[in-house]
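Everything on this sheet refers to the single structure shown next.
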Amino acid sequence: GVALGLLTSAKIALDMREGKRAEELAREAAEKYSAAGSKAGEAAAQLVLARTHQRESEAEEALEVADKARALFEKCGDKEGQAAALLVKGNVFLWHYRDAQDEASKLGREASLLLKKTDRPSCHHREGDALFLVASAALAVGKHREGLKAAREAVELHGRWGGPRAKASSLRAVGMAHVQLGNLSDADEAVDESLSLLRGTSDEVLQAEAMVVQALILRQKVAKDPAHDVDEMITKHREVLECFLKLEDEHAAALHRLELAQALQLAGDSSVALTEATIACEFFKSKDVQAGQGMCMMTIAMCQVALGEAKTALETAKKAKSTLEGCGGSYPECAELIAILTKQSGERGGQTWSSQREWGSYETPVLKPVVEAGGDSAGVKRSMYSDIVKARIHQGDTPDPISFDSPMLLYM
C-alpha cells in the first residue's frame, strides 16, 4: 500500500511538473517494491523515473532508467510495460538528439507491434502514441507522406481510445504534414479540429502549439498568393508570440518572435521585421544558442537587403552561414542567399528582397549531426533547448490521465 501510494504521488507530481519531487517519490517507490520482491511494481516506478528524467532533459539518465524498466517488464511478461519504456526511449532520441530520428521511428514501430498483441483499451491508446512518435520522426526528416500516414493512424486510435489532448496532438501532426505537402485546406481542417478539442481542456501549451500551425498555414497562403489577407497572417503570428510570453517560455517566445519577423518580412514591413529578428537574436546570443542566432541572422540579412543595405546583408549572411555550419551540416539556403547578395551588393538598384516572395516560405533549417570522435551512433545530444531545431512538430510527453485502477497505474 505504501509503495503504491508513493507511485501515485510521483505520477501526480510529474503531471504537475514538479520534477524533483517526482524523482524522489519514484525512487522511494522503486526501493520499496524491490524490497518486497515486486518486479512489476519496481518496473512501474522505474518507468515514472525515466519519464521524469526525460521531462528534465536528462537524456542519458532517461535512457538508462528506461532500459531498466523495460528489462523488469520483460521478466514479468508485460508487453504494454515494455512498449511504454520503448516510447520513453523513442521520445528521448527524437527530441534530445540531432540525428536519431531513425532510431526513434524504429522504437515507435517496435512499441506498436508489442501493443497490437494485447487487446486492452490502454494498449490501443498507447499504440496511437507509438504511431505519433513514428509520425514525428518522419516529419522531422522531411518524410512528409510517411508522417501523414502514421499521424492519421494515430488520430484514428486516439479518437477511439484516447482523450481530447491525445487526438488533438495527432491532428496537429496531420496538419503539419499537410502544410509541408502543400495541402493547405486539409491542414486548416485538421488544425481547426485540433483547436476545437483543446478548447475543452486547460492545456494552454498544446493550444499555443496548434496556433503555431495556423500561423504557418497563413504564411504559406500569403507566399503562394500575395492577394491573401496579410493582416490576418501578422495578427496570428502576434497571437502565437503573446501565448508563449504568457506561458513564460522564453525560448519558444524567441523562436516565435523570429517567425513573426519572417511574416513581417513577407508582408513587406522589413523595418519592423528587422527589429523583431534582432530582439530574438540577442536573446539566443545571451543563452549561447548558436542555431537560434544563425536562423535569426538569416532573416536579418533578408531584411537588411530589403532596406537597401546589400553589403551589410552580405556580411550578416556570411556570419549566419558560419554560425549554422558550426552546429553541424551544410545549409544550401545560406549559400543561395549569399550568392544573391553577392550579386546585389555589386550592382546599383538591385531588386529588393521583399519582392522575392519565394523566400516568404523559408523554413527553419533542420540541423544535421555533428559527428564527434567516439560519439554514440544513436545520435549527437542536442541542447536542452532543442525546440529551435524541431520541424515545428511537438511531441513532448503528453501525460496520460491519472487512473487509480492499479493495472493501468503501472504504465502511465
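Bear in mind these aren't lab numbers, they're just calculated from the coordinates by the rules spelled out. This is a predicted model, so every value here is computed, not measured. Methodologically, a virtual Cβ is constructed for each residue, glycine included, from the backbone with ideal geometry; neighbour enumeration extends over all protein chains shown.
Spin-label pair residue 113-residue 248: with each label point 7 Å from Cα along the Cα-Cβ axis, the two points sit 4.5 nm from one another. Extent of segment 196-259 along its three principal axes (Cα atoms, max minus min coordinate, largest first): 36, 27, 14 Å. Residue ranges 306-312, 69-75 sort as 69-75, 306-312 when ordered by packing (mean number of other C-beta atoms within 10 Å per residue, highest first).
Under 5 Å between amide hydrogens, built in the peptide plane, is the criterion, and for residue 97 it picks out 382 among residues at least 5 positions away or on other chains.
Full extension of the segment from residue 189 to residue 16, taken as 0.36 nm per residue of separation minus the current Cα-Cα distance, would add 59.1 nm. Spin-label pair residue 309-residue 74: with each label point 7 Å from Cα along the Cα-Cβ axis, the two points sit 5.8 nm from one another. Contact order for segment 156-298, expressed relative to its length and based on alpha carbon pairs under 8 Å spaced 6+ residues apart, stands at 15 percent.
May I ask which of 321/343; 106/149; 287/321; 246/321 have a Cα-Cα span longer than 22 Å here? It would help to have the intermediate numbers written out before the result.
On the way: 321/343 17 Å; 106/149 16 Å; 287/321 19 Å; 246/321 32 Å.
246/321, as the Cα separations exceed 22 Å there.
One compactness figure for segment 75-193 is 1.03, namely its Cα radius of gyration divided by 2.2 N^0.38 Å.
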